[in-house]
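The next block holds one structure in the form of structure tokens; read it before the comments.
The values are calculated or read from the model by the stated rules, or taken from the named source; none is laboratory data. Note that the structure is predicted; figures quoted are calculated from it, not measured. Cβ coordinates were reconstructed from backbone atoms using ideal geometry, including for glycine residues, and neighbour counts include every protein chain displayed. Side chains are part of the model used for accessible areas, which takes the heavy atoms of the whole protein and leaves out ligands, DNA and RNA. Shrake-Rupley method; radii C 1.70, N 1.55, O 1.52, S 1.80 Å.
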Amino acid sequence: MNDTIFVLNCGSSSIKFQLIEPHSHEVILKGLAENIGSKRCQIKHAGGTLSLPGTGYEEVIAAILELLQPYQADIKGIGHRVVHGGEHFSESALITDEVIAKIKDCNSLAPLHNPANLKGIEIFRKSFPMLPNVAVFDTAFHMSLQKQAYLYAIAYEHYEKFHVRRYGFHGTSHRFITMEAEKLLPHAKNIIIAHLGNGASVCAVKNGKSVDTSMGFTPLEGLVMGTRSGDIDPGMLPFLGKKLDLNTEGLLQMLNKESGLLGISGISSDMRLLEEEMEKGNKQATLAIEIFCYRLAKYIASYEVPTGGADALIFTGGIGENSPLIRKKVIDLLPSFTLDTKLHQNLARGQAGIISSKGKTIGVIPTNEELLIAKDTDDIRRKL
Ligand code: ADP
């Protein structure tokens, strides 16, 4: 077997992992540990499902290490997805004590995610002391934003004192798509990427650099998402807090977990299901889809400003890659983009391809954050 990189994405109660050969792109092992710490804790992987009721983080990682056992000799590095790099990191970094201290410094900006990422880093550094560990940050790609794009119009001292600004997320996906777009559409310099998964964001890219993105200080800002509201008027919060007897935490729970497609439809956050319900004539599912597409189209149109005129629009993420219906609805709302119906019909689900060259180009590119994490890790370890 060739050299491989182990890619880890440690969430607060889940761990996604992949063992990847970064040059052939082959995925040798892939799995997901879910509901860590609860009765329903389990690890799903190609070889089956491992039930680990009540198991904590360390024991789940120990079980993952056991799965890795047969492949250990070929692993040359560990790549960690880290959610928040604050203003410290504009690119991926070899993990040292100093880098860990900087990630810890960002814990207050991502209190649910960064501590989990750090736990994974700590355990894997101990388990493989001879291997390089690399951190790949969700925020890093957006560090090229200029002040007019990343500052909120609140007192400047809140930025200076507390680092309150727009950071943006999904950066690894947007960077991956930017790199793939250079191959698929070599003439497109200014592109708008719509990453539409459970979380969703748009990114304006100019000459390979992110110049604006829709998520902000947290991933809550921007588009309508599966369970997140996206942009709202913060003025409604004290009003709703009073009406619903909710404190700040309760309001945030509502905006993050009970809003978006789920909140409007009252059915599900899952676009596939909502499309099926819309087919059957369900009014709330239809409304959720209409709002999702309208808000997305408005964002895309506004990104003509940061791109200075976009050459291309790319769809990605579970919805962007797989839903012709949503793509069509969004494009139909955009006066400066026209869909090529034939190309669109001919594009197989989950495939990369161009769906319009009429005027501005429109494309679909499947994202692969894990592969980019593996490639970054491999590049960094080769320079050591
Ligand atoms: P995550 O952000 O968790 O990585 P994904 O990128 O996998 O999520 O996207 C999940 C979303 O993609 C869900 O809303 C799901 O319903 C949607 N999706 C996946 N396949 C299809 C499809 N064929 N048609 C419509 N939506 C789809």
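Values as computed for the structure displayed
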quantity	calculated
Residues satisfying the stated conditions in segment 28-59, i.e. touching a residue at least 60 places away in the same chain (Cβ under 8 Å) and open to solvent by 30 Å² or more (accessible area, probe 1.4 Å)	GLU58
Test: residue in segment 278-298 that is out of contact with any helix residue (DSSP H, G or I) (no Cβ under 7 Å at 6 or more places or on another chain), among the aliphatic types (A, V, I, L, M), within 12 Å of the ligand (Cβ to nearest atom) and part of a helix (DSSP H, G or I)	no
Residues of segment 177-210 that turn out to be within 16 Å of the ligand (Cβ to nearest atom) and in a strand (DSSP E or B), as a count	8
Members of segment 124-151 that are within 17 Å of CYS10 (Cβ to Cβ) and open to solvent by 10 Å² or more (accessible area, probe 1.4 Å)	ARG125, LYS126, SER127, PHE128, LEU131
Selection status of GLY241, closer than 21 Å to THR139 by Cβ and either open to solvent by 20 Å² or more (accessible area, probe 1.4 Å) or of a type outside the set (Asp, Glu) (or both)	no
Residue, farthest from the ligand (Cβ to nearest atom), within segment 323-353, restricted to residues that are open to solvent by 60 Å² or more (accessible area, probe 1.4 Å) and closer than 21 Å to LYS183 by Cβ	LEU343
Number of the exception - GLU98 against (1) touching a helix residue (DSSP H, G or I) at 6+ places or on another chain (Cβ under 9 Å); (2) open to solvent by 10 Å² or more (accessible area, probe 1.4 Å)	(1)
Among the candidates LEU313, LEU261, LEU223, residue that is within 25 Å of SER90 (Cα to Cα), surrounded by 14 or more Cβ atoms within 10 Å (Cβ to Cβ) and within 16 Å of the ligand (Cβ to nearest atom)	LEU223
Flag for SER269 being within 16 Å of the ligand (Cβ to nearest atom), in contact with an Asp or Glu (Cβ under 8 Å, 6 or more places away or on another chain) and within 15 Å of VAL224 (Cβ to Cβ)	no
Members of segment 1-17 found to be open to solvent by 20 Å² or more (accessible area, probe 1.4 Å) and not acidic (Asp, Glu), listed by number	MET1, ASN2, ASN9, SER12, SER13, SER14, LYS16
